[in-house]
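*Asks:* Mind looking over this structure? Questions follow.
Throughout, read-outs are computed from the coordinates displayed, never taken from laboratory work. These numbers were taken from a predicted model, which means no experiment stands behind them. Backbone-built Cβ (ideal geometry, glycine too); neighbour counts: all protein chains shown.
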Ligand SMILES: Cc1cc2nc3c(=O)[nH]c(=O)nc-3n(C[C@H](O)[C@H](O)[C@H](O)COP(=O)(O)OP(=O)(O)OC[C@H]3O[C@@H](n4cnc5c(N)ncnc54)[C@H](O)[C@@H]3O)c2cc1C
């Protein structure tokens, strides 16, 4: 499937644009599940000003969606109409420590942020070592693990609105809840500042090793997956509900509920996005029938079925 190529008209309307615009760019390679159709337009801004310029000059009726490294995403098989924005590591990937504060661009990988923090003796960000996303995804998802989450360490985040205006959000402005932020979904975060606490380097490294070890033994981290599929309902573990409903190992086409951790869905090789989403919906139905509890997707599903 392909969309009409609107890049010539966008370039004409944005003569000062410096970033890269590509038409009908496949998104499957940009997600962990390795499934899904193309983006009508994929835009990689040169820097924050370029992003703001693009958004200010983009017609209001063109939808915009930002992706990180797609570790929490199902892009549907029909692709995404409109503009998909991906912040590249060159312009948005810095991570710099000063005292107990770490400033990172939102294309920086969480793992790298944990490394930079450790090298500067900043403790408190070790949990990022086990999360395979970017800081942009962490801000949107309030990413967390091993007893820590983004809301515990964020000072403030910068972002650009759909109209190209720039904003700064304090921790309170981010309206963090379990695996989400209440900030308007159109905001594209560009950088963030975090505060940790100066600690002994060996203790920080030991904590990071613990985080890594827990991953290796408990999660199918080398599979094509999207991490935890469903949020834990209050007072329950999603994986236990999935297991109790008899869904461990369940398959739809090339998609399978992980045998290792049954809140993870995996693409065993030739799954479509439709297979994965259908499997997830089947699990939700079975859990509802078995326990009466409704599971809610943590993974974001975007695009045209
Ligand atoms: C093996 C595995 C283990 C995982 N373990 C954990 C875990 O322990 N804890 C946890 O919290 N998550 C976990 N995840 C899920 C995932 O890594 C996190 O949700 C991560 O924060 C997503 O980041 P990303 O860059 O991949 O975002 P994407 O998946 O690309 O996008 C996720 C959401 O963030 C938004 N987004 C991305 N960048 C920006 C930006 N710059 N501005 C605004 N919005 C943005 C997207 O629009 C989308 O809504 C795991 C995933 C995998 C595959």
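*Asks:* DSSP beta bridges in the chain, what fraction antiparallel, as a percent rounded to 5? Don't jump to the answer; show the numbers that get you there.
*Replies:* Values: 42 of 53 bridges.
Here the share of antiparallel DSSP bridges comes out near 80 percent.
*Asks:* Also, I was wondering about something else. Just check the stretch 128-286 against the gyration tensor rule for me: Cα atoms, a ≥ b ≥ c as the square roots of the eigenvalues, rounded for a/c under 1.5, and otherwise prolate or oblate depending on whether a/b exceeds b/c.
*Replies:* On the way: a/c = 2.17, a/b = 1.42, b/c = 1.52.
Since a/c reaches 1.5 but b/c is at least a/b, the shape of the stretch 128-286 is classed as oblate.
*Asks:* Fewest first, what order do 131, 198, 302, 188 take by the number of other Cβ atoms within 10 Å?
*Replies:* Exposure proxy ranking, most exposed first: 198, 302, 188, 131.
*Asks:* For the chain, what's the relative contact order in percent, using C-alpha pairs closer than 8 Å and at least 6 residues apart? Write out the running numbers ahead of the final one.
*Replies:* Details: 692 pairs, mean separation 53.1, N = 305.
Reported as a whole number, the value is 17 percent.
*Asks:* If every alpha-carbon in the chain counts as one equal scatterer, what log10 I(q)/I(0) does Debye give at q = 0.08, 0.09 1/Å?
*Replies:* Those come out to -0.37, -0.46, one per q.
*Asks:* Compute from the Cα atoms of the stretch 92-203 the Rg and the Dmax, the latter being the longest Cα-Cα distance, and quote both in angstrom.
*Replies:* 13.0, 46
*Asks:* Just to check, using Stokes-Einstein with a Kirkwood Rh over alpha carbon pairs, what's the diffusion coefficient of the stretch 7-89 at 4 °C and 1.567 mPa s in µm²/s?
*Replies:* Diffusion coefficient, whole number: 100 µm²/s.
*Asks:* Please compute the length gained on full extension between residue 49 and residue 156, using 0.36 nm multiplied by the number of residues separating them and subtracting their Cα-Cα distance. Don't jump to the answer; show the numbers that get you there.
*Replies:* On the way: separation 107, 0.36 × 107 = 38.52 nm, distance 1.90 nm.
This chain segment gains 36.6 nm when fully extended.
*Asks:* What is the spread of the Cα atoms of the stretch 1-146 along each of their three principal axes, largest first, in whole Å?
*Replies:* Principal-axis extents of the stretch 1-146 (Cα, largest first): 50, 33, 21 Å.
*Asks:* Still on this structure: I need to check one value: relative contact order of the stretch 92-203, counting alpha carbon pairs closer than 8 Å and at least 6 residues apart, in percent. Mind showing how you got there, number by number?
*Replies:* Details: 246 pairs, mean separation 34.1, N = 112.
Relative contact order for the stretch 92-203 comes out at 30 percent.
*Asks:* Rounded to the nearest 500, what is the 222 nm mean residue ellipticity of the chain from helices alone, with -39500 (n - 2.57) per DSSP H run of 4+ residues and division by all residues? Working shown, then result.
*Replies:* On the way: 9 runs with 86 residues, N = 305.
Only helices count here, giving -8000 deg cm²/dmol.
*Asks:* Obtain the nm distance between the two label points defined at residue 177 and residue 218 by a simple spin-label model: each point lies 7 Å from its Cα along the Cα-to-C-beta direction.
*Replies:* Distance between the two pseudo-spin positions: 2.4 nm.
*Asks:* Exposure proxy check: 275, 61, 77 ranked by fewest other beta carbons within 10 Å? Intermediate results must be reported in sequence, preceding the final value.
*Replies:* Details: 275 21, 61 6, 77 18.
Ranking 275, 61, 77 by Cβ neighbours within 10 Å, fewest first, gives 61, 77, 275.
*Asks:* Could you please rank 274, 261, placing first whichever residue has the fewest other Cβ atoms within 10 Å of its Cβ? Write down the numbers at each step before the final one.
*Replies:* On the way: 274 18, 261 21.
So the ranking, lowest neighbour count to highest, is 274, 261.
*Asks:* What percent do you get for the relative contact order of the stretch 202-305 when only Cα pairs under 8 Å and 6+ apart count?
*Replies:* 29 percent
*Asks:* Still on this structure, please answer the following. Pick out which of 269, 159, 137 has the largest mean-square fluctuation in a Gaussian network model of the chain, springs linking Cα atoms closer than 10 Å.
*Replies:* Largest GNM mean-square fluctuation: 269.
*Asks:* Suppose we keep just the DSSP beta bridges with both residues in the stretch 1-117; what percent of those would be antiparallel, to 5?
*Replies:* Numbers: 10 of 18 bridges.
Percentage antiparallel, nearest 5: 55.
*Asks:* Oh, and also: At 0.36 nm per residue, and after removing the present C-alpha to C-alpha distance, how many nm does the segment from residue 202 to residue 166 gain when stretched out fully?
*Replies:* My answer for the length gained is 9.0 nm.
*Asks:* Provide the FRET efficiency to the nearest 0.05 for the residue 251-residue 293 pair, computing r from the beta carbons and using R0 = 25 Å. Mind dumping the intermediate values first?
*Replies:* Details: r = 23 Å, r/R0 = 0.91.
Rounded to the nearest 0.05, the efficiency is 0.65.
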